[in-house]
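Here is the structure we will look at.
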Amino acid sequence: QVSLQMQPAFGLRREESIKIRPQWADRGDRLFLMDSWTKGGRAREIPIRTAAQRQLLDEAKKFAGRGSLIPKTMTYKQQMNRFKAQCTAAGINHVHGHRHHYAQQRYRELTGRACPAQGGLTRKQLSREQRNIDREARLTISAELGHYRAEIVSQYCGV
C-alpha cells in the first residue's frame, strides 16, 4: 500500500516505489533516488513540497526501517509479483497513471494553470511569456520524473 501511495505523491515508477529505502532517500526537503533504484540508472531528486508528502514519507520510513519497501523475507521479484496481484485484486490496473497525476499537478503548481491534457491552453494558444514558463515547467517536471527531456512531458501533460 505504501509503495502504491508513493507513486502519485512523488511521481515514482512502480519499481522505484518498491526499491526505495525511505530512511536513506529522505534528505529533508527532497527525496533522493539512487541510480540503482531508477530506470536507466539515473539518480534524481524530487522536492518534498507538501505536508501530505512528508507524512507519507514518514509512514514509509516507519514501515521500512532502514531497509527498502521490500519485506526482508522476500526478493524484489516476489514483492513485484505480490504488488501486481494486490493491485489487480483491488481493481487497479494502470499504476503508470499515477505519474501522469504527479506531472499534471506539478504543471499546475509551476505555471499556475491546468495543463493541456486537463483542458488548459495548448502551446499554440500561449503568449511568449507563457511559453517560456511552460518550457521551464516541463524541464523541471521532466527532471523530477527522471526523463531530462521536456518533450517527454507531453505524454503526461499534453501539447
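The values are calculated or read from the model by the stated rules, or taken from the named source; none is laboratory data. Not measured: the values here are computed from a predicted model. With ideal geometry, Cβ positions are generated from the backbone for all residues, glycine too; neighbour counts draw on all protein chains shown. Each accessible area value is taken on the protein alone, full model and side chains, heavy atoms only, with ligands, DNA and RNA left out. Shrake-Rupley method; radii C 1.70, N 1.55, O 1.52, S 1.80 Å.
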Give me the 1.4 Å probe accessible area per residue for segment 36-93, excluding ligands and nucleic acids, in Å².
65
Have a look at segment 63-111 and give its Rg and Dmax from the Cα atoms, expressed in angstrom.
14.9, 45
List the extent of the Cα atoms of segment 82-159 along each of their three principal axes, largest first, rounded to whole Å.
48, 25, 18
Set Lys and Arg Cβ to +1 and Asp and Glu Cβ to -1, take the dipole of the chain about its Cα centre, and tell me which of 86, 122, 25 lies farthest positive.
86
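Could you work out what % of the accessible surface of the chain is carbon and sulfur, using a 1.4 angstrom probe and leaving DNA, RNA and ligands out of the count?
50
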Mean Cβ-within-10 Å packing, highest first, puts peptides 37-47, 71-81 in the order 37-47, 71-81
For residue 44, which sequence-distant residues (separation of 5 or more, or a different chain) have an amide H within less than 5 Å of its own amide H, given hydrogens modelled in the peptide plane?
33
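How many Å² of accessible area per residue for segment 104-152, probe 1.4 Å?
Result: 58 Å² per residue.
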Read-out Kirkwood radius over Cα pairs in Å, derived from the coordinates shown; its label in (i) 16.4; (ii) 18.1; (iii) 16.9:
(i)
Any idea what the dipole of segment 1-109 comes to, in debye rounded to 20, about its Cα centre with Lys/Arg Cβ at +1 and Asp/Glu Cβ at -1?
200
Taking the highest mean first, how do the peptides 120-132, 51-63 order by number of other beta carbon atoms within 10 angstrom per residue?
51-63, 120-132
For segment 17-110, the Cα convex hull volume per residue in Å³ comes to 123
Sticking to Cα atoms, compute the Rg of segment 116-159 to one decimal and its Dmax as the biggest Cα-Cα distance, whole number, in Å.
10.0, 28
